[in-house]
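Student: Quick one: the structure is below, and I'll ask about it shortly.
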Amino acid sequence: MNTVKTQVAIIGAGPAGLLLSQILHLEGIESIVLETRSREAIEATIRAGVLEQGTVDLMNQLGVGERMQREGFVHTGTILRFDGRDRRIDFPELTGGKAVMVYAQHEVIKDLVAARLGAGADIRFEVKDVSVNDTDTASPKVRFRSKDDELHEITADFIAGCDGTQGVCRPSIPAGVLKGFERLYPFGWLGILCKAPPSSDELIYALHERGFALVSTRSPDIQRMYLQCEPTDKIENWSDDRIWAEFRARLATRDGWAPKEGEIFSKTVVGMRSFVTEPMQHGRLFLAGDAAHVVPPTGAKGLNLAAADVRVLSRAIVEFYRKGRTDLLDGYTATALRRIWKAQRFSWWMTSMLHRFPGADDFQHRVQIAELDYVTGSRAGSTALAENYVGLPFDQLEP
Ligand code: RFL
Ligand code: PHB
């Protein structure tokens with residue numbers, strides 16, 4: 001068995017794990033990152049697209065924002081479309097100058113991997129049989145098999161469980177310690193990528209009697225769009241013709257707007273779920289990102305919450321090494337959860353306001369229209385949406 005020591009063993013090279021590794025590196029703290037998939041696979045997985053102002057600022061502070069600044073799109077507003085009309089939410093006007101950046105998650109991953117490997121970081125891709133051990137001691141251990149099947153053991157001061165919803169870290173916490181809070185939604189999203197010019201300068205979130213639709217973007221030539229579908233829908237049910245007919249119907253306006261259509265080269269169905277685990281730590285194991293919580297994508301919060309968690313966690317780890325403080329580590333769950341539950345509330349609210357629920361009657365639909373009319377027509381309502389969408393202020397780093 002190959003044995004090695006490090007300060008922080010990070011499980012998972014998603015946004016949470018890579019950001020944590022980069023923050024710690026800049027603070028002079030060593031880490032090893034373990035990832036089950038290959039570098040090519042993590043750099044090609046299509047997921048999120050919207051970065052909050054605070055996530056953009058973090059990328060810049062960490063020295064990994066250069067390509068994002070060049071290739072990402074700053075969005076200063078978003079469109080809510082309902083009843084055949086558009087209402088715009090102006091972010092800077094309502095939030096004191098903040099905006100969001102549309103820049104794909106896999107581009108964030110590429111930038112972080114390049115920066116970490118460029119600085120000589122130890123990232124092990126394609127590892128197998130990862131297990132976390134002795135987390136309730138001062139020397140927790142991670143065991144795994146490398147790509148070439150050799151057995152390894154890392155002894156660390158801390159383990160960061162950044163291994164997403166299907167990882168091993170959360171299940172490794174003994175039964176009875178964790179409590180899960182969950183809400184399943186009776187619908188999913190069909191997501192497509194297509195070769196077409198942008199249909200809109202800003203994202204369009206649309207409520208229609210046939211269900212929700214979202215127009216997003218990736219580049220001047222590639223567009224990202226979503227349709228509400230059945231939670232267990234199959235891609236085979238969705239021919240290109242059916243997809244475009246549905247987008248045309250759900251996105252139609254009184255003045256004849258239509259999406260710009262093009263070749264569809266990716267189709268996926270994702271389920272919709274809200275989930276939080278409490279606490280997010282056990283001994284020297286700390287969970288961050290999707291390993292600890294999941295949001296439905298309507299509020300565009302998942303990646304941003306992962307970034308927020310690792311800010312809180314990294315500060316606690318830095319203060320431990322610098323000053324011997326353990327209070328921030330002890331308070332990690334409490335500090336992180338305050339933001340997480342606000343993001344949960346926002347994601348649940350956006351999801352509820354914008355989707356057609358099975359069995360909902362016309363009364364329900366009219367209440368949803370009235371809510372959208374109120375939110376977009378009132379400065380207080382618009383401000384509440386805008387300040388959550390661009391990301392709540394980042395002033396809660398202590399319990
Ligand atoms: P990730 O990205 O899932 O990364 C976890 C990594 O851990 C690896 N792994 C393991 N590694 C070692 N050992 C093991 N035993 C392991 N098990 C797993 C995995 O291979 C993976 O590489 O979690 P992380 O870092 O917490 O990041 C979370 C975000 O990826 C997620 O919240 C977002 O993608 C959610 N999301 C969105 N978030 C936003 O902020 N804005 C958006 O616009 C947005 N849109 C979306 C989304 C998620 C979507 N899907 C597919 C669920 C749109 C969609 C369609
Ligand atoms: C995306 O572009 O993938 C995207 C945008 C906004 C969301 C979710 C996903 O709310």
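Readers should treat all values here as calculations from the given coordinates under stated rules, not as data from a laboratory. This structure is a prediction, so every number in the text was calculated from the model and none was measured. Every residue, glycine among them, receives a Cβ derived from its backbone with ideal geometry; neighbour counts consider all protein chains shown.
Student: What is the helix-to-structure angle for 105-118, meaning the angle in degrees between its Cα long axis and the longest Cα principal axis of the chain, kept from 0 to 90 and rounded to the nearest 10?
Tutor: Relative to the chain, helix 105-118 is tipped by roughly 30 degrees.
Student: Oh, and also: Quick check: from the Cα gyration tensor, does region 290-347 come out rounded (a/c under 1.5), prolate or oblate?
Tutor: Cα axes put region 290-347 in the prolate bin.
Student: Hey, got the dipole for region 181-272? About the Cα centre, +1 on K and R Cβ, -1 on D and E Cβ, debye to the nearest 20?
Tutor: For region 181-272, the charge dipole is close to 60 debye.
Student: Where is the GNM fluctuation largest for the chain (alpha-carbon springs, 10 angstrom cutoff): Glu66, Glu236, Glu209?
Tutor: Top of the fluctuation ranking is Glu236.
Student: Follow-up question, since we're still on this one. By counting other Cβ atoms within 10 Å of each Cβ, how are Lys342, Lys260 ranked from fewest to most?
Tutor: Lys260, Lys342
Student: With charges only on Cβ, +1 for K and R and -1 for D and E, what is the dipole size of region 310-399 about its Cα centre, in debye, rounded to 20?
Tutor: For region 310-399, the charge dipole is close to 380 debye.
Student: I've got another one for you. Ranked by Cβ crowding within 10 angstrom, fewest neighbours first, how are Lys141, Lys98 ordered?
Tutor: Lys141, Lys98
Student: Identify which of Asp330, Asp136, Asp241 has the largest mean-square fluctuation in a Gaussian network model of the chain, with springs joining Cα atoms closer than 10 Å.
Tutor: Asp241
Student: Using unit Cβ charges (K, R positive; D, E negative) and no other charged atoms, how large, in debye to the nearest 20, is the dipole of the chain about its Cα centre?
Tutor: The dipole of the chain has a size of about 320 debye.
Student: Just order 77-84, 1-8 by mean Cβ neighbour count inside 10 Å, highest at the front, would you?
Tutor: By packing density, highest mean first, the sequence is 77-84, 1-8.
Student: With θ set to phi - 60°, apply the Karplus curve 6.51 cos²θ - 1.76 cosθ + 1.60 along region 384-393 and write out the HN-Hα couplings as whole Hz, x wherever there is a Gly or Pro.
Tutor: Going residue by residue, I get 4, 5, 4, 6, 6, 5, 6, x, 5, x Hz, with x marking Gly and Pro.
Student: Can you classify region 181-272 as rounded, prolate or oblate using the Cα gyration tensor, where a ≥ b ≥ c are the square roots of its eigenvalues, rounded means a/c under 1.5, and otherwise it's prolate if a/b beats b/c and oblate if not?
Tutor: prolate
Student: Additional query: Output the peptides 294-300, 11-17, 33-39, 174-180 sorted from most to least packed, where packing is the average of other Cβ atoms within 10 Å over each peptide's residues.
Tutor: 11-17, 294-300, 33-39, 174-180
Student: Which listed residue (Val56, Ser274, Phe247) has the Cα farthest towards the positive end of the charge dipole for the chain, taking +1 on Lys and Arg C-beta and -1 on Asp and Glu C-beta about the Cα centre?
Tutor: Going by the Cα projections, it comes out as Ser274.
Student: Cβ neighbours within 10 Å, averaged per peptide: list 47-53, 22-28, 162-168 in order, most packed at the top.
Tutor: Top to bottom by mean Cβ count within 10 Å: 47-53, 162-168, 22-28.
Student: Another question, then. Nearest 10 degrees, 0 to 90: what angle lies between the long axis of helix 240-251 and the longest principal axis of the chain (Cα atoms)?
Tutor: 70 degrees
Student: Let me ask something additional. Can you tell me the Rg and the Dmax, both Å, for the Cα atoms in the chain?
Tutor: For the chain, the Cα radius of gyration and maximum Cα-Cα distance read 21.5, 69 Å.
Student: Still on this structure: Using the count of nearby Cβ atoms within 10 Å as a rough guide to exposure, how do Arg345, Arg116 rank from fewest to most?
Tutor: Arg345, Arg116
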